[in-house]
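Engineer: A single structure is presented below for examination.
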Amino acid sequence: MLQSLLTGLVQGSIYAIIALGYTMVYGILVLINFAHGEVLMVGAYASVLVYAALTFAGTTASLGVLPCLAVALLAAMGVAGLYGFSLERIAYRPLRHAPSLSPLISAIGMSIFLQNYVRLAQGSAPVYFPAHTAEYGAVFGETNNIQVGPVLVTPLDLFILVLCLLLMAGLYAFVHRTRLGKAMRATSMDKTMAGLVGISVDRVISVTFVIGSVLAAVAGMLLALYTTQAKFDMGFMAGMKAFTAAVLGGIGNLRGAMLGGILLGLAESVGIQFLGADYKEVYAFVVLLLVLVVRPRGILGERVAEKV
Amino acid sequence: MRHLAIAAASLALGFGLAACKAEPGKGGGGGGAAAGPVKIGVAGPITGGQAKNGQDLKEGSLLAVEEWNAKGGVLGRTVELVIRDDEALDKNATTVAQELVNAGVVGVVGHFNSGCTIPASEKYHEAGIVTITPASTNTYVTDRKYADVFRVCGRDDQQGRTAAYYVSDVLRAKRVAVFDDKTSYGKGLADECAKNLEGRVEVVIREGFDATERNFRPYLTKLKDANVDVWYFGGIYEQAAPMLIQASQLGIKAPMMSGDGVHGYQADFIDKVGAAANGTLTTFPDTTANPGYAEFVAKYRARFDAEPGPYAIYSYASAHILLEGVKAAGAADGPKVAAAIHAGTFQTPLGPIAFDDRGDVKALDYYKVWVIRDGKHVLSGPK
């Protein structure tokens, strides 16, 4: 039981990081960015390729695994940030004043395009994180596993949890403590008014996309580490789950996305533990349904006036 | 900017359209045009996580067809391959099958995965097209007793039984977990294994997860708590690889046992997993013991400059048998070819092959158990 809670917490914190990207974009543009999962996939590829290159060059052996992971992470964040920025400029900004269905279709189109682009460029077989090297084993191997009572904690669990918690705390502080964060909150309340008081709305929207994409890149690398591979279609299911998490927590709400992601991970893991793996995908959606029946706007969703 | 978006969207749409482009041709009939080439279909996972299987299927068949064409083709006509990709997804299988029916093929080498072969062969059967699968081991493939469906490999009841007896009698295991990937192949094989374990070894976990699953920790932590002696996985190497890496990270010492879906993938499985693959047990025939094996491998290497996977030789043999059937029937006509294949005995690198009334290879109960040592499959039983 406790073991499944830990597994759920780790998986859930990855969902939470992805869900933040959905919820931030929705908060500002009222747009579901369906290409978010693909940005995650691009980030995962970037991290695996960079880390594999470092392994091949012997840098992981000489410099250590963690600095190389940091390099891979930064590379992934850079690449994904660039993708997120371009995505908004190419696919969403020209449609900003179009009927709300148009950017949605554009998002789905970009998702299909990115998936097939990576499939053609990188092949349809998965690329593996080079997890079989000795130096990787020295850090993430079973010798470093910690047994806490009945719970087995692996170094990878700790790495993922710590990184995700740091990012969540950092994002929360950024949105609530900095000037740019304040501008983001203002833009999400009312774009026109924010523009009138001198906020550069375009810039705020670009920043939102870049931050969301950078978080997705981190999630992508963590997923690649966790599942040991990156594949062109990995973004789809991860994106669906994170979108569900964002709705569960109340879309548009940062704390809601974090809470929703972790709840979703826990529901899946505990469900598998007690009811078996056969209906794994069902547990998450049953929780979503139950929550939406009681709280239609999600757990922390705010009641806002209908825009008709 | 708007034009860019439109261009991007239409490009994305273009991918979808290209995938469902239909071949213009006659609707069905195994006959093929009276003149022109004899068309043979090849269908399997050409791309996707099992692309190695698709490569074996494609290149094995191609090697056979090129040899026939070098000798002047069959019935005085050249042989042409029509290759289609089902990505190992059963939902694509019938679409691919319809394309091959429309293309007017006389027979199909494929599909690879049982979950694809079963629905696709229904279409081929309706259209009077011969199906020879080199790799689908699910019992149902031939248990339908269609006169035009054959398989060149073994059956899952055979390999499930071999695995179960090895677990109980050689490993003398007391507690076992059985997982599968919920596909026709994986679940069918795991069910056969579990059925044969019943009453002799305690099966403490019996579960299935999606074939797309890549995070196995929830199942593996359960497995670790269950303290099993060995765990069985009915599925394919693309899942077995991440599963074994994650199992080693969790410190699971019990070995995994699996079937033909995990055997023989050096670069795509053993090399990816590294040391964690050692100790893994698989069931697969000893193809290397066949007299024609070395010659086949030499030819394959010379032609493709690559190492053949486990099912390349089966694909080669399947294409060869299909063309021998066409030759014996004297016409590129499905039902006649099927009858000729039932009647004949064919010399292949796998030895002489004849089929029983179900379409299974006669007297082919030959699964062996292998264990991975130092990154190589080593023959281990049955003793």
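Derivation of every value follows stated rules applied to the coordinates shown; laboratory data play no part. The structure presented is a predicted model; accordingly, all values stated were derived computationally and were not measured. Virtual Cβ from ideal backbone geometry, glycine too; neighbours counted across all protein chains shown.
Engineer: So, with +1 on the Cβ of K and R and -1 on the Cβ of D and E, and no other charges, what is the size of the charge dipole of chain B about its Cα centre, to the nearest 20 debye? Spell out each step's value before the answer.
Structural biologist: Working: 41 positive and 44 negative charges, 63 e Å.
With only Lys, Arg, Asp and Glu charged at Cβ, the dipole is about 300 debye.
Engineer: Taking only DSSP H segments of four or more residues, each worth -39500 (n - 2.57), what value at 222 nm results for chain B once the sum is divided by all its residues, to the nearest 500 deg cm²/dmol?
Structural biologist: On the way: 12 runs with 157 residues, N = 383.
It comes out at -13000 deg cm²/dmol, rounded to the nearest 500.
Engineer: Let me ask something additional. About the Cα centre, and with charges only on the beta carbon of Lys, Arg (+1) and Asp, Glu (-1), how big is the dipole of region A:17-233? Nearest 20 debye, please. It would help to have the intermediate numbers written out before the result.
Structural biologist: Details: 11 positive and 8 negative charges, 160 e Å.
The calculation lands at about 760 debye.
Engineer: What number, in nm² with one decimal, is the all-direction average of the projected area of the convex hull of the alpha-carbon atoms of region A:1-141?
Structural biologist: Numbers: hull surface 42.4 nm².
So the Cα hull casts an average projection of 10.6 nm².
Engineer: Roughly how many Å is it from the Cα centre of region A:205-227 to that of region B:42-81, as a whole number?
Structural biologist: Answer, in whole Å: 43.
Engineer: For every helix of n ≥ 4 consecutive DSSP H residues, a contribution of -39,500 (n - 2.57) applies; sum these over chain A, divide by its total residues, and give [θ] at 222 nm rounded to the nearest 500 deg cm²/dmol.
Structural biologist: On the way: 13 runs with 226 residues, N = 308.
Dividing the helical sum by the residues of chain A leaves -24500 deg cm²/dmol.
Engineer: Among B:Cys116, B:Pro218, B:Gln159, whose Cα sits farthest toward the positive end of the charge dipole of chain B (+1 at Cβ of Lys/Arg, -1 at Cβ of Asp/Glu, about the Cα centre)?
Structural biologist: The listed residue farthest towards the positive side: B:Pro218.
Engineer: Based on other C-beta atoms within 10 Å, arrange B:Asp286, B:Asp229 from fewest to most. Don't skip to the answer; put the middle values down first.
Structural biologist: On the way: B:Asp286 12, B:Asp229 17.
Final ranking by Cβ density, sparse to dense: B:Asp286, B:Asp229.
Engineer: What trypsin sites (Lys or Arg not before Pro) does region B:116-179 have in DSSP loop regions with at most 11 other beta carbons within 10 Å? Spell out each step's value before the answer.
Structural biologist: Working: sites: B:Lys123, B:Arg144, B:Lys145, B:Arg151, B:Arg155, B:Arg161, B:Arg172, B:Lys174, B:Arg175; in loops: B:Arg144, B:Lys145, B:Arg155, B:Arg172, B:Lys174.
Filter output for region B:116-179: B:Lys145, B:Arg172.
Engineer: Once amide H atoms are built 1.01 Å from N in the peptide plane, which residues 5 or more positions from B:Phe346, or in another chain, come under 5 Å H to H?
Structural biologist: HN-HN under 5 Å from B:Phe346: B:Ile353, B:Ala354.
Engineer: In addition: List the residues, sorted by chain then number, that are 5 or more residues from B:Arg206 or on another chain and whose placed amide H is less than 5 Å from its amide H.
Structural biologist: B:Val178
Engineer: For region A:156-173, what does the Karplus curve 6.51 cos²θ - 1.76 cosθ + 1.60, with θ = phi - 60°, yield as ³J(HN,Hα) per residue in whole Hz, taken in order and with x for Gly and Pro?
Structural biologist: For region A:156-173, the Karplus-derived couplings read 5, 4, 4, 4, 5, 4, 5, 4, 5, 5, 4, 5, 4, 5, x, 5, 4, 5 Hz, x marking Gly and Pro.
Engineer: Enter the mean projected area of the convex hull around the alpha-carbon atoms of region A:113-226, in nm², rounded to one decimal.
Structural biologist: Details: hull surface 44.9 nm².
For region A:113-226, averaging the hull's shadow over all directions gives 11.2 nm².
Engineer: Further question on the same structure: Determine the alpha carbon to alpha carbon distance for each of B:Lys123/B:Lys362; A:Lys280/B:Lys253; B:Lys58/B:Lys299; B:Lys123/B:Lys145 and list only those over 19 Å. Could the numbers behind the result be given before it?
Structural biologist: Values: B:Lys123/B:Lys362 25 Å; A:Lys280/B:Lys253 26 Å; B:Lys58/B:Lys299 15 Å; B:Lys123/B:Lys145 15 Å.
Checking Cα-Cα distances, B:Lys123/B:Lys362; A:Lys280/B:Lys253 exceed 19 Å.
Engineer: Any idea what the relative contact order of chain A is, in percent, if you count C-alpha pairs under 8 Å spaced at least 6 apart? Walk me through the numbers before you get to the answer.
Structural biologist: Details: 494 pairs, mean separation 115.3, N = 308.
So the answer I get is 37 percent.
Engineer: Separate question: Residue by residue through region A:112-121, what is 3J(HN,Hα) from phi via Karplus (6.51 cos²θ - 1.76 cosθ + 1.60, θ = phi - 60°)? Round to whole Hz and write x for glycine and proline.
Structural biologist: Values, residue by residue: 5, 4, 5, 4, 6, 5, 5, 4, 6, 6 Hz.
Engineer: Can I ask one more? Name the residue farthest towards the positive end of the dipole of the protein assembly as shown from the options B:Ala332, A:Thr227, B:Gly54, assuming +1 on Cβ of Lys and Arg, -1 on Cβ of Asp and Glu, about the Cα centre.
Structural biologist: Of the candidates, A:Thr227 comes out farthest on the positive side.
Engineer: Let me ask you something else. For A:Lys182, list the lysines whose Cα falls under 24 Å from its own Cα; do not include residues on the same chain fewer than 8 positions away.
Structural biologist: A:Lys191, A:Lys307
Engineer: Pick from B:Pro218, B:Pro37, B:Pro285: which is most flexible by mean-square fluctuation in a GNM of chain B where alpha carbon atoms under 10 Å apart are linked?
Structural biologist: In the Gaussian network model the winner is B:Pro218.
Engineer: In whole Hz and in residue order, list the ³J(HN,Hα) couplings for region A:243-255 that follow from phi through the Karplus curve 6.51 cos²θ - 1.76 cosθ + 1.60, θ = phi - 60°; x for Gly and Pro.
Structural biologist: These are the phi-based 3J(HN,Hα) values: 4, 4, 4, 5, 5, 4, x, x, 5, x, 10, 4, 4 Hz.
Engineer: Compute the semi-axes of the equivalent ellipsoid of region A:17-233, taking the square root of 5 times each eigenvalue of the Cα gyration tensor, and list them largest first in whole Å. Please list the in-between numbers first.
Structural biologist: Details: eigenvalues 236, 86, 40 Å².
Equivalent-ellipsoid dimensions as semi-axes: 34, 21, 14 Å.
Engineer: Right, next: Aspartates and glutamates near B:Lys174 by alpha-carbon distance under 17 Å, same-chain residues fewer than 8 away left out - which ones?
Structural biologist: B:Glu198, B:Glu202, B:Asp225, B:Asp229
Engineer: Shifting gears a bit: Chain A: longest stretch without exposed GluC sites (Glu not before Pro) (DSSP loop, at most 15 other Cβ within 10 Å), sites themselves excluded? Present the calculation step by step, with values, prior to reporting the outcome.
Structural biologist: Values: sites that count: A:Glu302, A:Glu306.
Result, exposed sites excluded: A:1-301.
Engineer: Okay, next question. Ignore the peptide's own chain and count Cβ atoms of other chains within 10 Å of each Cβ in A:215-228; give me the average, rounded.
Structural biologist: On the way: counts 0, 0, 0, 0, 0, 0, 0, 0, 2, 1, 0, 6, 9, 12.
The per-residue average across the peptide is 2.
Engineer: What list do you get for A:Met24, A:Met189 if you sort them by fewest beta carbons within 10 Å? Mind dumping the intermediate values first?
Structural biologist: Values: A:Met24 25, A:Met189 12.
Ordered by Cβ neighbours within 10 Å, fewest first: A:Met189, A:Met24.
Engineer: Under 5 Å between amide hydrogens, which residues at least 5 positions from A:Ser124 or on another chain qualify, with H placed 1.01 Å from N in the peptide plane?
Structural biologist: The list, which skips near neighbours in sequence, is B:Gly48.
Engineer: Taking the Cα centre of each part, how many Å lie between region A:160-182 and region A:240-256?
Structural biologist: Cα centroid of region A:160-182 versus Cα centroid of region A:240-256: 17 Å apart.
Engineer: Taking the Cα centre of the protein assembly as shown as origin, work out the dipole magnitude from +1 charges on Lys and Arg Cβ and -1 charges on Asp and Glu Cβ, in debye rounded to 20. Intermediate values should be presented prior to the final figure.
Structural biologist: Details: 59 positive and 57 negative charges, 368 e Å.
Charge dipole, the protein assembly as shown, about its Cα centre: 1760 debye, nearest 20.
Engineer: Taking neighbour Cβ counts within 10 Å as the exposure measure, how do B:Cys116, B:Cys153 sort from fewest upward?
Structural biologist: Numbers: B:Cys116 30, B:Cys153 25.
Fewest-to-most ranking of B:Cys116, B:Cys153: B:Cys153, B:Cys116.
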